[in-house]
Amino acid sequence: MNDTVPRPAPWVSIVIPVFNEEAVLPLLLPRLRAVMDALPGGAEAWFVDDGSRDATAALIEQAHGEDARIKLVQLSRNFGHPAAITAGLDSAQGDAVVLMDADLQDPPELIPEMVELYRRGFDVVQAQRSSREEESVFKRVTAWAFYRIMGRLTKNEIEANVGEFRLMSRAVVAALGQLRERHRLVRGLVSWVGFSHTTIGFVRPGRAAGETKYPLMKMLRLSADGLTSFSTAPLRMASFVGVCGLLAGLGYAGYAVYVRFWLNKAVVGWTSLVIINIFFSSIVLLCLGLVGEYVGRIFEEVKRRPLYLVRRKIDGVPTAAEGSGPQPRGRTSGL
Ligand code: UDP
Ligand code: MG
């Protein structure tokens, strides 16, 4: 995929969703600004305040006063991490956009290396955690289970141990902008849009300050969104159970007939009741699974994802894939 000449130094937008992060901002801002200073093509930082109830917005406003490259989108309430990311991506104007968490678990010092890979022609540069040592055993176990189940059910669309820390080219951001589905796992969508991907490894440090904003329930909801928006396997399970029930039922029906006619021990009416019961419950489950298949397909349609996305067009007009600003909408979608 690395077929392009080196790209010019991009103007980088850094998108950071923040939810009650007043404790971490004073640590993050100086490090972020130092990294922004070192980027040759210039940079802006978009903070998305996801309905914080502490001094988060005020701190960012103050930072904007000192450094106009620091910008703020304030949401009307807490819409959740994925929605905040989307708000940030919609605001960002850069040729390349970096997504990161505010809590310094995603070290901003990695950004120049990501930009370097972008200039070599990659459209997505993901940061993959090579170690989770600083995280709790519970978090590591649940994350492991989540990636295992996702890997099984979605045919590995989502790489293990990749969070939201990544750089994306303007073309990828424009593509993501077209996926407006409600329940979103952003890393899954990024994998779905395609383009050329590469990964850099890093050791993920612990949260620099403050508490996690992902308590168990939120984590579970994110996992459920991930599963149901990338797989219809759970729906198919009903058919599977139905077929198993039918086979087991037929076996048992054979036994019931045997008891009735060969052993002649059955209570009158027992045989037919057992057979009817097993048979019809299996049929009901089977039909339920069948309906599930259709519901699954309707669900896929209702999401209205474009059928494909064009990476490049050779017609003399530079496209966003070559790093030249927002892509005109009509040129990117092909239905
Ligand atoms: N976050 C957000 N809205 C939410 C929850 C979290 O914008 O409803 C932000 C949070 O401020 C942080 C990032 O998402 O910048 C990741 O959250 P956190 O570090 O708490 O998650 P963890 O690393 O514990 O999974
Ligand atoms: Mg964190």
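The values are calculated or read from the model by the stated rules, or taken from the named source; none is laboratory data. Not measured: the values here are computed from a predicted model. We place every Cβ from the backbone using ideal geometry, glycine too, and count neighbours over all the protein chains shown.
Exactly one residue out of R140, R53, R69 is within 23 Å of the chain's Cα centre (by Cα) and without any contact (Cβ under 8 Å) to a residue 60 or more places away in the chain: that is R140. Within segment 209-246, how many residues turn out to be basic (K, R), more than 16 Å from ligand 2 (Cβ to nearest atom) and either loosely packed, with under 14 Cβ neighbours inside 10 Å or closer than 20 Å to L189 by Cβ (or both)? Residues that pass the stated criteria total 1.
Residue check: V203 meets all listed conditions (1) in contact (Cβ under 8 Å) with a residue 60 or more places away in the chain; (2) exposed (fewer than 13 other Cβ atoms within 10 Å of the Cβ); (3) away from ligand 2 (no atom under 16 Å from the Cβ) but one, namely (3). Return yes when E44 is surrounded by fewer than 21 Cβ atoms within 10 Å (Cβ to Cβ), closer than 16 Å to V173 by Cα and modelled with pLDDT of 90 or more and no when it is not. When the stated conditions are applied, E44 passes them. Restricting segment 72-84 to residues that are under 18 Å from the mean Cα position of the chain (by Cα) and of a type in the set (A, V, I, L, M), the residue that is farthest from ligand 2 (Cβ to nearest atom) is A83.
Only a single item in (1) more than 16 Å from ligand 2 (Cβ to nearest atom); (2) in contact with a strand residue (DSSP E or B) (Cβ under 6 Å, 6 or more places away or on another chain); (3) of a type outside the set (K, R); (4) not in a loop (DSSP other than H, G, I, E, B) is not met by P10, and it is number (4). Specify which of the listed residues (A102, A143, A87) is modelled with pLDDT under 90 and either part of a loop (DSSP other than H, G, I, E, B) or within 16 Å of ligand 2 (Cβ to nearest atom) (or both). None of the others qualify; the one that does is A143. Within segment 80-100, being closer than 23 Å to E22 by Cβ and touching a helix residue (DSSP H, G or I) at 6+ places or on another chain (Cβ under 9 Å) holds for G80, H81, P82, I85, V98, L99, M100.
Of all residues in segment 105-115, those satisfying the criterion of being part of a helix (DSSP H, G or I) and either closer than 25 Å to A23 by Cβ or of a type in the set (D, E) (or both) are P108, E109, L110, I111, E113.
Note on segment 13-41: residues that are touching a strand residue (DSSP E or B) at 6+ places or on another chain (Cβ under 7 Å), surrounded by fewer than 24 Cβ atoms within 10 Å (Cβ to Cβ) and assigned to a helix (DSSP H, G or I) amount to 1. Is there a residue in segment 52-64 that is within 16 Å of ligand 2 (Cβ to nearest atom) and surrounded by fewer than 22 Cβ atoms within 10 Å (Cβ to Cβ)? The answer is yes; a qualifying residue exists. Residues in segment 189-229 that are within 16 Å of ligand 1 (Cβ to nearest atom), among the small types (G, A, S) and part of a helix (DSSP H, G or I): S223, A224, G226. Restricting attention to segment 88-120, the residues that are more than 9 Å from ligand 1 (Cβ to nearest atom) and touching an Asp or Glu at 6+ places or on another chain (Cβ under 8 Å) add up to 4.
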